[in-house]
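The values are calculated or read from the model by the stated rules, or taken from the named source; none is laboratory data. Being a predicted model, the structure only gives us computed values, none of them experimental. Note: ideal-geometry Cβ built from the backbone for every residue, glycine included; neighbour counts use all protein chains shown. The accessibility values were calculated without ligands, DNA or RNA, using every heavy atom of the protein model including side chains. Shrake-Rupley method; radii C 1.70, N 1.55, O 1.52, S 1.80 Å.
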Amino acid sequence: MIDWFPGPDEGRDVDPEVAARSLERWRTLISLRRLARAVEAKDEYTKGHSERVAELASALARRLGWTPADAGRLHQASLVHDVGKISIPDAILLREGPLTPEERSLMRSHPAFGAKILVNALDHDQVDWVLHHHERWDGGGYPDGLVSEEIPAGARILCLADAWDAILTRPLAGRIRGPEEALAECRSQGGTQFAPECIAALQEYLASGGAALAPTGSAGLRTASGF
């Protein structure tokens, strides 16, 4: 998996102020990526989650006709899509049982918090992708209850990539589901939770030999989906 972050401009004839801003933005992204990894490291089941999500999200974006540059921007945003979880107390973040309504509300604040801390590191579209990656196609998501194409295209892709990794790494009835079951579950949610065009892109990606991108033998993922 590629942990992709663009470095500052080198060897180019650019304005010094522009170059300085680019360097500062790059350094900020590196710091935020470290924070995101620190969140994942708290729970053995979430290790590598953001990298897998980023790989799949960028692959689906290319299937949907995105340019390599824009798919790279989605990859970049996906690597830090859960950084807002640094605001969630470990007692809630690592809870194995159900959350109270108040705890669930706090857990659902993480996309908005992440967007706030990313605003000076990513561009406007990338921040929106992070902010809205838990919206649902049918309007039942959060934070804003956006419906269908009101949801930014990158967020629609990121939503599916995030859930896909959760399905493949979270046990159900004591066992891990494989790609065929995961695809069946995602297809059943097409047009409700997930954008239909994203489901189609996922099917094409898998049919063409794309990797499922789930860790072999993982015991589960408690915090990447459902909140």
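Residues that are surrounded by fewer than 22 Cβ atoms within 10 Å (Cβ to Cβ), under 17 Å from residue 88 (Cβ atoms) and in contact with a helix residue (DSSP H, G or I) (Cβ under 9 Å, 6 or more places away or on another chain) do occur in the stretch 43-57. Considered as a group, the residues in the stretch 10-42 that are open to solvent by 60 Å² or more (accessible area, probe 1.4 Å) and within 19 Å of residue 69 (Cα to Cα) include one that is modelled with the lowest pLDDT, and that residue is 10. Among the residues of the stretch 59-75, those identified as farther than 18 Å from residue 166 by Cβ and buried (at least 21 other Cβ atoms within 10 Å of the Cβ) are 61, 71, 73, 74, 75.
Candidates in the stretch 76-107 are the residues that are open to solvent by 10 Å² or more (accessible area, probe 1.4 Å), not aliphatic (A, V, I, L, M) and not in a helix (DSSP H, G or I); of these, the one that is nearest to residue 170 (Cα to Cα) is 96.
Can you find a residue in the stretch 159-170 that is closer than 19 Å to residue 81 by Cα, among the hydroxyl-bearing types (Ser, Thr, Tyr) and crowded, with 19+ Cβ neighbours inside 10 Å? For the stretch 159-170, residues closer than 19 Å to residue 81 by Cα, among the hydroxyl-bearing types (Ser, Thr, Tyr) and crowded, with 19+ Cβ neighbours inside 10 Å: present. With the requirement that a residue be modelled with pLDDT under 90 and among the hydrophobic types (A, V, I, L, M, F, W, C), what does the stretch 172-222 give you? Selection gives 172, 173, 176, 211, 212, 213, 214, 219, 221. Scanning the stretch 110-157 for residues that are touching an Asp or Glu at 6+ places or on another chain (Cβ under 9 Å), among the polar types (S, T, N, Q) and open to solvent by less than 50 Å² (accessible area, probe 1.4 Å) yields a single hit, 148. Look at the stretch 192-209: where a residue is over 15 Å from residue 155 (Cα atoms) and a partner is modelled with pLDDT of 95 or more and part of a helix (DSSP H, G or I), sitting 6+ places away or on another chain with Cβ atoms under 6 Å, you get 204/63; 205/59; 205/63.
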